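Accompanying notes for the structure given below.
The values are calculated or read from the model by the stated rules, or taken from the named source; none is laboratory data. Computed from a predicted model, the values in this text were never measured in an experiment. Please note: Cβ atoms are built from the backbone with ideal geometry, for glycine as well, and neighbour counts cover all protein chains shown.
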Amino acid sequence: MLVKNTKVLLLTGDFTEDYEIMVPFQTLLTFGVAADAVTPGKRAGEFIKTAVHDFEGDQSYTEKPGHRFLLNAAFDSCSAADYDGLYLTGGRCPEYLRLNPKVLALVREFLGQGKPVAAICHGIQILTAAGVVRGRRLTAYPAIQPEVEAAGGTYLAAESDQVICDGNLITAPAWPAHPAILRAFLKAMGVSEFLC
């Protein structure tokens, strides 16, 4: 079942993981969901640079240049009241987005209104900085476990293709979980009949 006029805010930034903005953005559009991709300091019509993260047998993932991604809305005019859900991308951008008080206030606003919030990989760093994980069960890229626990959340180890749902908070550890996190996010907004 498709719900008309559903609108999502995708919060992203330079050097987000390439798949973690491209796949959600295109998937949401496929389901007829309006998707506004924004980042602080840039306007609609400007681009962000993405990074490709891969696992090639090193102690950590590798990072290579990705694609340019076109932003289609402005962060400064965003309000949770205008959207049905919030999607936080991963990669490098959460490192600096979590330092922006307006970003943190916006995340709190979405969760406070009971709207679905999905975060993938390092996007969970924004949630921990916003102080919204205390008492919540969630997952993230494994290196984020100490931050989740320090912020009072319960970190659940999950396979890279799995999702953890705790009420309106939907999290996944990495881009292999796109099918799971996007199904859960769409269901939480009433867009589809998929199960979490």
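Results, tabulated for the structure shown:
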quantity: Strands (runs of 3 or more DSSP E) within the stretch 45-126 that include 3 or more residues at pLDDT 95 or above and more than 13 Å from the chain's Cα centre (by Cα); calculated: 47-54, 62-70
quantity: Every residue from the stretch 142-154 that is surrounded by fewer than 23 Cβ atoms within 10 Å (Cβ to Cβ) and out of contact with any Phe, Trp or Tyr (no Cβ under 8 Å at 6 or more places or on another chain); calculated: Pro142, Ala143, Pro146, Glu147, Ala150, Ala151, Gly152, Thr154
quantity: Among residues of the stretch 138-196, those that are out of contact with any Asp or Glu (no Cβ under 6 Å at 6 or more places or on another chain) and part of a loop (DSSP other than H, G, I, E, B), counted; calculated: 25
quantity: Residue match in the stretch 16-34 (condition: acidic (Asp, Glu), within 15 Å of His122 (Cβ to Cβ), part of a strand (DSSP E or B) and in contact (Cβ under 8 Å) with a residue 40 or more places away in the chain); calculated: yes
quantity: Test: Lys7 is under 15 Å from the mean Cα position of the chain (by Cα) and not small (Gly, Ala, Ser); calculated: yes
quantity: Among (1) modelled with pLDDT of 95 or more; (2) surrounded by fewer than 17 Cβ atoms within 10 Å (Cβ to Cβ); (3) not hydroxyl-bearing (Ser, Thr, Tyr), the one test that Leu195 misses; calculated: (1)
quantity: Test: residue in the stretch 156-163 that is crowded, with 20+ Cβ neighbours inside 10 Å, among the hydrophobic types (A, V, I, L, M, F, W, C) and touching a helix residue (DSSP H, G or I) at 6+ places or on another chain (Cβ under 9 Å); calculated: yes
quantity: Selection status of His178, at pLDDT 95 or above, surrounded by fewer than 24 Cβ atoms within 10 Å (Cβ to Cβ) and closer than 19 Å to Thr12 by Cβ; calculated: yes
